[in-house]
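One structure below.
Just so it is clear, none of the values below were taken in a lab; they were calculated from the coordinates. Not measured: the values here are computed from a predicted model. We place every Cβ from the backbone using ideal geometry, glycine too, and count neighbours over all the protein chains shown.
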């Protein structure tokens, strides 16, 4: 089983518990904060990755360093991850949880790539258009990518909408190559 699939199972289990307890947003915030904290603190990250340390010692060190900052539900999830030698999977667990929480809330993320930064008006218009297409609230994550050349490329969940000049040129090239192959 791939690492992400394993992490997704932990994320799903945590989501189901948080949903039953009506704590989905609070747990989301705490997971994101814990993942940021682990990422920003190399000694903590290394602690979670060490296979030579007993899981109970890791848990003690983790609890001592975090204090009472995180809820019981989040700490129990971390304990399960650590006991199963998967403490370093926290970022993937947080991502899987976030995806489930957003889906339940009717939210979808869209990664938008353009050659130049979008203005606020363009971002709003694109967001509105994507909301009409999906029927869900859209969170845009815009980035600039000179390879786009012109236009826009949108990754919407598992769907790619490529309106970029680079994409059009690639499709034209493929069509031309197909025609040339048929002629020969």
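Before moving on, here are some points about what is shown:
- Global geometry of the chain, whether rounded, prolate or oblate, following the gyration tensor of its Cα atoms and the 1.5 cut on a/c: prolate
- Extended-chain gain in nm, criterion 0.36 nm per residue less alpha-carbon gap, residue 54 and residue 158: 33.5 nm
- Centre-to-centre, using Cα atoms only, region 49-127 and region 1-25 are separated by 10 Å.
- Normalising by residue count, region 45-140 has a Cα convex hull of 151 Å³ per residue.
- As a rough guide to protection, the peptides 136-144, 175-183 ranked by mean Cβ packing within 10 Å, highest first, stand as 136-144, 175-183.
- Bins of 5 Å, starting at 0 and running to the largest distance - Cα pair percent for region 106-183: 3, 15, 22, 21, 14, 9, 7, 5, 3, 1
- Mean separation of Cα contacts under 8 Å, 6 or more apart, over the residue count of region 1-153: relative contact order %: 27 percent
- Proxy reagent accessibility, fewest Cβ within 10 Å first, across 6, 148: 6, 148
- Of all DSSP beta bridges in the chain, antiparallel share, percent nearest 5: 55 percent
- Counting only DSSP H runs of at least 4 residues, each contributing -39500 (n - 2.57), and dividing by the residue count of the chain, the helix-based mean residue ellipticity at 222 nm comes to -20500 deg cm²/dmol.
- Spin-label pair residue 120-residue 182: with each label point 7 Å from Cα along the Cα-Cβ axis, the two points sit 5.0 nm from one another.
- Convex hull of region 3-102 built on C-alpha atoms - directionally averaged projected area, nm²: 5.7 nm²
- Computed lengthening from residue 21 to residue 71, 0.36 nm per intervening residue step minus Cα-Cα distance: 16.8 nm
- Applying 1/(1 + (r/R0)^6) with R0 = 35 Å to the Cβ-Cβ distance of residue 84 and residue 105 gives a FRET efficiency near 0.75.
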